[in-house]
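Here's the structure, in structure tokens; my notes come after.
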Amino acid sequence: MQKLVSGLHAIHFAGSRKLDSTASDQAHAQEQRRISPPVAHPVVRVHPETGRKAIYLGEKVRRFDGMTEEESRPLIEFLNRHATRPEFVYRHQWQAHDIVLWDNRCTLHQALGDFDPSQSRYMERTTVLGTPSGYVVADA
């Protein structure tokens, strides 16, 4: 499996997969692709500081470069299931004044929406410049 995925590039799409059902959704999706075109990233990334390998996928990946969505789907699902196995998952139990940092180069994260929407939350995002690993896919 490691040999199979080590040379693959996953095509990451911005936006929601739920679009495309109506003409206005399709127009919105086309505009979104123009503003944020699909980007290919290696499926296996090597962390520049630690040298450790990590799977770089997620819900925005629809296919692998050189493969159709249908051909890609089983492997994407397999790799996402592997990456989200319980032994790899950290679930933060938020408390007042918590600060959580993670490294997007080797972390798959997802908001669960399991908070009281009537309570206020304050969040800031900081992005540190790094070495780009992907390239824009013109024909996606």
Exercise. Output the residue which, of all residues in the stretch 124-140 that are modelled with pLDDT under 80 and of a type in the set (A, V, I, L, M, F, W, C), is nearest to residue 41 (Cα to Cα).
Key: 136
Quiz item: residue 13 passes all but one of (1) farther than 21 Å from residue 126 by Cβ; (2) without any contact (Cβ under 8 Å) to a residue 60 or more places away in the chain; (3) of a type outside the set (Ser, Thr, Tyr); which number fails?
Solution: (2)
Practice problem: State whether one or more residues within the stretch 40-48 are of a type outside the set (Lys, Arg), within 18 Å of residue 107 (Cα to Cα) and out of contact with any strand residue (DSSP E or B) (no Cβ under 8 Å at 6 or more places or on another chain). | Solution: yes
Quiz item: In the stretch 124-140, how many are touching a residue at least 24 places away in the same chain (Cβ under 8 Å) and in a loop (DSSP other than H, G, I, E, B)?
Solution: 7
Practice problem: Look at residue 121 and say whether it is over 19 Å from the mean Cα position of the chain (by Cα), at pLDDT below 85 and assigned to a loop (DSSP other than H, G, I, E, B). | Solution: yes
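Per-residue answers, yes or no, for (1) at pLDDT 90 or above; (2) under 13 Å from the mean Cα position of the chain (by Cα); (3) more than 26 Å from residue 126 (Cβ to Cβ):
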{"position": "2", "(1), (2), (3)": "no, no, yes"}
{"position": "8", "(1), (2), (3)": "yes, no, yes"}
{"position": "40", "(1), (2), (3)": "yes, yes, no"}
{"position": "51", "(1), (2), (3)": "yes, no, no"}
{"position": "80", "(1), (2), (3)": "yes, yes, yes"}
{"position": "106", "(1), (2), (3)": "no, yes, no"}
{"position": "115", "(1), (2), (3)": "no, no, no"}
Practice problem: Just one of (1) free of Cβ contacts under 8 Å to residues at least 12 places away in the same chain; (2) surrounded by 15 or more Cβ atoms within 10 Å (Cβ to Cβ) trips up residue 70, so point out which. | Solution: (2)
Quiz item: Can you name every residue in the stretch 84-140 that is out of contact with any strand residue (DSSP E or B) (no Cβ under 9 Å at 6 or more places or on another chain), of a type in the set (Gly, Ala, Ser) and surrounded by 10 or more Cβ atoms within 10 Å (Cβ to Cβ)?
Solution: 130
Practice problem: Scan 44, 5 and give me the residue that is surrounded by 13 or more Cβ atoms within 10 Å (Cβ to Cβ), of a type in the set (Val, Ile, Thr), closer than 25 Å to residue 135 by Cβ and in contact with a helix residue (DSSP H, G or I) (Cβ under 6 Å, 6 or more places away or on another chain). | Solution: 44
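The values are calculated or read from the model by the stated rules, or taken from the named source; none is laboratory data. From a predicted model like this one, the values you see are computed outputs, not experimental measurements. Reconstructed Cβ throughout: ideal geometry from the backbone, glycine too, with neighbour counts over all protein chains shown.
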